[in-house]
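Report on one structure; see the data block that follows.
The values are calculated or read from the model by the stated rules, or taken from the named source; none is laboratory data. Small disclaimer: the values here were computed from a predicted structure and weren't measured. When we count neighbours, we look across all protein chains shown, and the Cβ atoms used for this are built from the backbone with ideal geometry, even at glycine. Areas reflect the complete protein model, heavy atoms only, side chains present, ligands, DNA and RNA absent. Shrake-Rupley method; radii C 1.70, N 1.55, O 1.52, S 1.80 Å.
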2 protein chains.
Amino acid sequence: MHNISKKPRKRIEGDSRERIIISAVELARTAGLEGLSFADLAKKVGMSKAGLFAHFKTKEELQLAAVDAARKRFLLEVIGPAQSESLGLARLYRTLLNWLAMLEKSCHQGGCFFYAASAEFDGRKGPVRQALVEAGGLWLEWIARQAEQAISREQLRTETNSEQLAYELHAFGQQANWVSQMLRDPRAYDRSRSAMRNLLLSHCTDTGRAVLDQMQATNEGHEP
Amino acid sequence: MHNISKKPRKRIEGDSRERIIISAVELARTAGLEGLSFADLAKKVGMSKAGLFAHFKTKEELQLAAVDAARKRFLLEVIGPAQSESLGLARLYRTLLNWLAMLEKSCHQGGCFFYAASAEFDGRKGPVRQALVEAGGLWLEWIARQAEQAISREQLRTETNSEQLAYELHAFGQQANWVSQMLRDPRAYDRSRSAMRNLLLSHCTDTGRAVLDQMQATNEGHEP
């Protein structure tokens, strides 16, 4: 009897842990990671506070799990779906478009988890800040690395500084979040799409320009 | 006797109110505006909590005073000193440089007050959010208006969209703050200066290019 009930029980426990983390990410978009209260979270998940504590002993443990979940979601929604594009400019551009699409989707749920959490933890110390720095730094490096690939494929000009380009492209993602969340201006996403495309075009060789034009044509075909 | 002591006393009271607000702005850079505690603030100012309450009845009142003080400081350090430049591109570029200089100066004090406060209040409602929206929106509009002036002076090309340009320039200021505060990368300010300059150059007419070159030459003369 004991053995039979063990497996499903474990799955249910796994499910509630999952549900807690997902709710924590959602709450943190508006309340922040420090603003996360076990009381609000328990209410959202439909669980007692004691039930929560069975999964997470401390707030920091919960915060770290939320950062980890948000990173996984970012990989799944932003980086993963771009892997079908060729290495270099096409994959870079698709990933940036996926990023903006993800930000746009979260527009009415409080916006970007990482943006909110970064502003909160940038002046602090400790493992949560460290996890956020790692996530942000890796994303910026990922953009720079794809730009390098595009340079070596002669899609971007050889004099392009990949780190500087990544810095500027990344700025437009952050800005989309600020303008849409703070000023409630929904044109932000289109503005950032346009800014990223024009910035990339200004670094493109003829080969690169053809890649972007081709992707634009395909997109317009798909989304009339 | 009563009358004689009245004036200095009032000045001292004015001074402590000022000191409280300045300390509140400083604390909010790292702790956030919601993270502002009367206890920490009292300690920083060297005053009792009761003393603080004599000046600010509620946290919101204090938060609003802090936003107001930060706006005044922004006007004084960023916009004011650029008024000696000619209307249009020169004034726009000088103001952007002042902005980055101000961000760089606050680098070790927790970074930009508005950045931290925006991320905190973007999902909330109420007068503090409203004050932040107004400050952020006016700054963005100010940039766009100067860009309009530069277009009408044929320093920027007629096809330049001033709102889009303001959006992109503003993004590089925000990015400088994120990269320096979160990733602790001090190259952020130079990266943003370079990004802003190149972006403006890509919109410049020959007249505009001469304005930027002239300013660059003067700057290099001043700051060897």
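Taking θ as phi - 60°, what are the ³J(HN,Hα) couplings along region B:190-200 by the Karplus curve (6.51, -1.76, 1.60), each to the nearest whole Hz, with x for Gly and Pro?
5, 4, 6, 4, 5, 4, 5, 5, 5, 5, 4
Specify the angular offset, from 0 to 90 degrees and rounded to the nearest 10, of the alpha carbon long axis of helix B:162-181 from the longest principal axis of the alpha carbons in chain B.
Its long axis makes an angle of about 60 degrees.
How big is the charge dipole of the protein assembly as shown about its Cα centre, in debye rounded to the nearest 20, if each Lys and Arg gets +1 on its Cβ and each Asp and Glu gets -1 on its Cβ? Can you show the working numbers first?
Numbers: 62 positive and 54 negative charges, 430 e Å.
Value, rounded to 20: 2060 debye.
When the distances between all Cα atoms of region B:53-145 are binned every 5 Å from zero, what whole-number percent does each bin get?
P(r) over region B:53-145, rounded to whole percents: 3, 12, 20, 23, 18, 13, 7, 3, 1, 0.
Using modelled amide H (1.01 Å from N, peptide plane; none on Pro or chain starts), what sits under 5 Å from the amide H of A:L156, excluding residues fewer than 5 places away?
A:I151, A:T205
Report Rg(Cα)/(2.2 N^0.38 Å) for the protein assembly as shown, keeping two decimals. It would help to have the intermediate numbers written out before the result.
On the way: Rg = 24.4 Å, N = 448, 2.2 N^0.38 = 22.4 Å.
Taking N as the residue count of the protein assembly as shown, the ratio is 1.09.
Convert each backbone phi in region A:87-95 into a coupling constant with the Karplus relation 6.51 cos²θ - 1.76 cosθ + 1.60 (shift: θ = phi - 60°), then list the ³J(HN,Hα) values in order as whole Hz, x for Gly and Pro.
4, x, 4, 4, 5, 4, 5, 4, 5
What's the tally of Lys pairs in chain A whose alpha-carbon atoms lie under 24 angstrom apart, where the two lysines are 8 or more places apart or on different chains?
23
Toward the positive end of the charge dipole of chain A, about the Cα centre and with charges on Cβ (Lys, Arg +1; Asp, Glu -1), which of A:S16, A:W139, A:G123 goes farthest?
Toward the positive end, the furthest listed residue is A:S16.
So what is the relative contact order for chain A, in percent, with contacts set as C-alpha pairs under 8 Å and at least six apart? Please report the intermediate quantities before stating the final value.
Numbers: 216 pairs, mean separation 43.4, N = 224.
Value for chain A: 19 percent.
Just grab the label-to-label distance for B:E77 and A:A39, each label 7 Å out from Cα along the Cβ direction, in nm (one decimal).
3.7
Collect residues whose amide H, placed 1.01 Å from N in the peptide plane, falls under 5 Å from the amide H of B:S86; neighbours closer than 5 in sequence don't count.
So B:S86 has HN proximity to B:R91.
Rounded to the nearest 20 debye, what is the charge dipole size of chain A about its Cα centre when +1 sits on each Lys and Arg Cβ and -1 on each Asp and Glu Cβ? Working shown, then result.
Values: 31 positive and 27 negative charges, 241 e Å.
For this selection, approximately 1160 debye.
Would you mind checking the tilt of helix A:2-31 against the longest principal axis of the Cα atoms of chain A, expressed as 0 to 90 degrees and rounded to 10?
Taking Cα atoms only, the helix is inclined about 60 degrees.
Using the Karplus equation 6.51 cos²θ - 1.76 cosθ + 1.60 (θ = phi - 60°), what ³J(HN,Hα) coupling, rounded to whole Hz, does each residue of region A:70-84 give in order, writing x for Gly and Pro?
5, 5, 4, 5, 5, 4, 6, 9, 9, 7, x, x, 8, 5, 6
Against the longest principal axis of chain B, how steep is helix B:127-152, in degrees 0 to 90 to the nearest 10, with axes from Cα atoms?
20
Over region B:40-89, how many percent of alpha carbon pairs lie in each 5 Å bin up to the one with the longest distance?
5, 17, 16, 18, 12, 10, 8, 6, 6, 3
Between the label point of A:L87 and that of the same position in each other copy, find the distances and list them shortest first in nm, with every label point placed 7 Å from Cα along the Cα-to-C-beta direction.
Distances to the matching label points in the other copies: 5.5 nm.
With 33 Å as the cut-off, how large is the P(r) tail for chain B, expressed as percent of Cα-Cα pairs? Present the calculation step by step, with values, prior to reporting the outcome.
On the way: 6804 of 24976 pairs.
That tail contains 27 percent of the Cα-Cα pairs.
For region A:57-204, what % of the accessible area comes from carbon and sulfur atoms, probe 1.4 Å? Intermediate results must be reported in sequence, preceding the final value.
Values: 3090 of 5860 Å².
Of all accessible area on region A:57-204, carbon and sulfur atoms account for 53 percent.
Total Å² of accessible surface buried at the A-B contact, 1.4 Å probe, nearest 100?
Values: alone 12770 and 12750 Å², together 21950 Å².
Summed over both sides, the interface buries about 3600 Å².
Which of rounded, prolate or oblate describes region B:108-224 when judged by the alpha-carbon gyration tensor and an a/c cut-off of 1.5?
Numbers: a/c = 2.65, a/b = 1.39, b/c = 1.90.
The shape class here is oblate.
Just to verify a number: FRET efficiency for B:E141 and A:N161, C-beta to C-beta distance, R0 = 51 Å, to 0.05?
Numbers: r = 32 Å, r/R0 = 0.62.
For R0 = 51 Å, the calculated efficiency reads 0.95.
Can you work out the base-10 log of I(q)/I(0) for region A:163-224 at q = 0.17 1/Å, using the Debye formula on its C-alpha atoms alone?
Per q value, in the given order, log10 I(q)/I(0) is -0.68.
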